[in-house]
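Throughout, read-outs are computed from the coordinates displayed, never taken from laboratory work. Computed from a prediction, not measured in an experiment: that's the story for all the values here. Ideal geometry is used to build each Cβ from the backbone, glycine not excepted, and the neighbour counts take in all protein chains shown.
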Amino acid sequence: MQEISAREAAELLRRNPDSTLLLDVREPAELAAAAVDGAVHIPMGEIPTRLNELDRDKTIVCMCHLGGRSAQVMAFLASQGFTHVINMAGGIEAWADDVDPGARR
């Protein structure tokens, strides 16, 4: 499993905004508490029916609350032929700690 830190994810998004997608797989109630600007939000349970919304040519960085669900989504996407998928370790908690200290939790 390929995994990067929140800081590495932020840098990847900054360096390659047109070829990188941050995929937030948390539930809507979780998004109400904290969200990352520019992320695409598809709850984990909806991923199988919404694959057509994801660009297979982009690097997809999956994130959730702590990194567990996003790791499962990353593995699922890889099994569906997505070749550039990465899990963001620590999820929104790591993002708030390391990238955006002002983010709500």
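Counting Lys and Arg as +1 and Asp and Glu as -1 over every other residue whose Cβ lies under 11 Å from the Cβ of Asp18, the net charge comes to 0.
In the elastic network of the chain, a GNM with C-alpha springs shorter than 10 Å, the most mobile of Arg15, Arg26, Arg69 is Arg15. Simple point charges give the picture: +1 on the Cβ of Lys and Arg, -1 on the Cβ of Asp and Glu, and for the chain a dipole about the Cα centre of about 100 debye.
Evaluating 6.51 cos²θ - 1.76 cosθ + 1.60 at θ = phi - 60° for every residue in segment 32-46, the Karplus couplings come out as 5, 7, 7, 9, 9, 4, x, 6, 8, 10, 9, x, 3, x, 9 Hz, glycine and proline recorded as x. Bin all alpha-carbon pair distances of the chain at 5 Å intervals from 0 and give each bin's fraction as a whole percent. Per 5 Å bin, starting at 0, the Cα pair percentages come out as 3, 14, 27, 28, 19, 8, 2, 0. Taking θ as phi - 60° and the Karplus parameters 6.51, -1.76 and 1.60, the scalar couplings of segment 2-13 work out to 8, 9, 10, 7, 4, 4, 5, 5, 4, 5, 4, 5 Hz in sequence order, x denoting glycine and proline.
Length gained on full extension, Arg14 to Asp37, computed as 0.36 nm times the residue gap minus the Cα-Cα distance: 7.0 nm. For the pair Ser5 and Asn52, a Förster radius of 25 Å applied to the C-beta separation gives a FRET efficiency near 0.25, rounded to the nearest 0.05. Between amide H atoms placed 1.01 Å from N, distances below 5 Å from Glu3 occur with Asn87, all of them 5 or more places distant or on a separate chain. Each residue of segment 70-84 was assigned a 3J(HN,Hα) from its phi angle through the Karplus expression (A = 6.51, B = -1.76, C = 1.60, θ = phi - 60°), giving 5, 5, 5, 5, 4, 5, 5, 4, 4, 5, 9, x, 6, 9, 10 Hz with x at Gly and Pro.
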